[in-house]
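Undergrad: Structure in C-alpha cells, see below.
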Amino acid sequence: MAKIATNAASTATDRLVTELKEIASDAEELLRLTAGQAGDKIADVRTRLGQSLSSVKGQLAQFEAEMLQRGKEVARATDEYVHDNPWKAIGASAGVAFLLGLLIGRR
C-alpha cells in the first residue's frame, strides 16, 4: 500500500516538475522573441523575468532533488518495514486484495 501511495505522489511530482519546466521553456522563448523590442519598460520586465526564471530553475532543481531523496527514504522505510514484519505486510496485502475482490464481484 505504501508503494502505491509513493507511486501516486511520484507521479504527481513528475507532472508538476514537467509543467514547471514547460513554463520555464515558454518564458525563455518569450525572452528570446522580445529581445529586439525597445523601451525601458520592456527592458525592465525582461530583466525581472530573467532573474525570476533563473531563481525558479534553481528552486525547481532543488525541489526535484528533495522529492527524489524523500521518495528513496520512503521506499527504504517501506522495504525495512516489510522485511521486519513480513506477516503484517502479507496480511495487509491479502486484506486489500480481498476487499477489491468483493468490490469487483458485486458488479
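The values are calculated or read from the model by the stated rules, or taken from the named source; none is laboratory data. Computed from a predicted model, the values in this text were never measured in an experiment. For neighbour counting, all protein chains shown are included, and Cβ atoms are generated from backbone atoms with ideal geometry for every residue, glycine included. Heads up: the accessible areas ignore ligands, DNA and RNA and are worked out on the full protein's heavy atoms, side chains in. Shrake-Rupley method; radii C 1.70, N 1.55, O 1.52, S 1.80 Å.
Undergrad: May I ask you to verify whether residue 48 is free of Cβ contacts under 8 Å to residues at least 60 places away in the same chain, within 30 Å of residue 14 (Cβ to Cβ) and open to solvent by 70 Å² or more (accessible area, probe 1.4 Å)?
TA: It is true that residue 48 is free of Cβ contacts under 8 Å to residues at least 60 places away in the same chain, within 30 Å of residue 14 (Cβ to Cβ) and open to solvent by 70 Å² or more (accessible area, probe 1.4 Å).
Undergrad: Which members of the stretch 51-85 meet the condition of being open to solvent by less than 90 Å² (accessible area, probe 1.4 Å), more than 20 Å from residue 15 (Cβ to Cβ) and either touching a residue at least 24 places away in the same chain (Cβ under 8 Å) or in a helix (DSSP H, G or I) (or both)?
TA: Hits for the stretch 51-85 are 52, 53, 54, 55, 58, 73, 77, 78, 79, 82.
Undergrad: I've got another one for you. Any residue that is more than 26 Å from the chain's Cα centre (by Cα) and either at pLDDT 80 or above or open to solvent by 60 Å² or more (accessible area, probe 1.4 Å) (or both) - is there at least one of those in the stretch 27-34? So that I can check it myself, show each step before the final result.
TA: Step one: list which residues in the stretch 27-34 are more than 26 Å from the chain's Cα centre (by Cα), which gives 31-34.
When the remaining residues are screened for being either at pLDDT 80 or above or open to solvent by 60 Å² or more (accessible area, probe 1.4 Å) (or both), the result is 32-33.
Yes, some residue in the stretch 27-34 is more than 26 Å from the chain's Cα centre (by Cα) and either at pLDDT 80 or above or open to solvent by 60 Å² or more (accessible area, probe 1.4 Å) (or both).
Undergrad: Further, regarding this structure: Would you mind telling me which numbered condition in (1) aliphatic (A, V, I, L, M); (2) within 30 Å of residue 16 (Cα to Cα); (3) modelled with pLDDT of 85 or more residue 90 fails?
TA: Looking at each condition in turn, residue 90 falls short on (2).
Undergrad: Taking residue 88, is it among the basic types (Lys, Arg), under 24 Å from the mean Cα position of the chain (by Cα) and open to solvent by 60 Å² or more (accessible area, probe 1.4 Å)? Give the steps one after another, and end with the answer.
TA: Numbers: among the basic types (Lys, Arg): yes; under 24 Å from the mean Cα position of the chain (by Cα): no; open to solvent by 60 Å² or more (accessible area, probe 1.4 Å): yes.
When the stated conditions are applied, residue 88 does not pass them.
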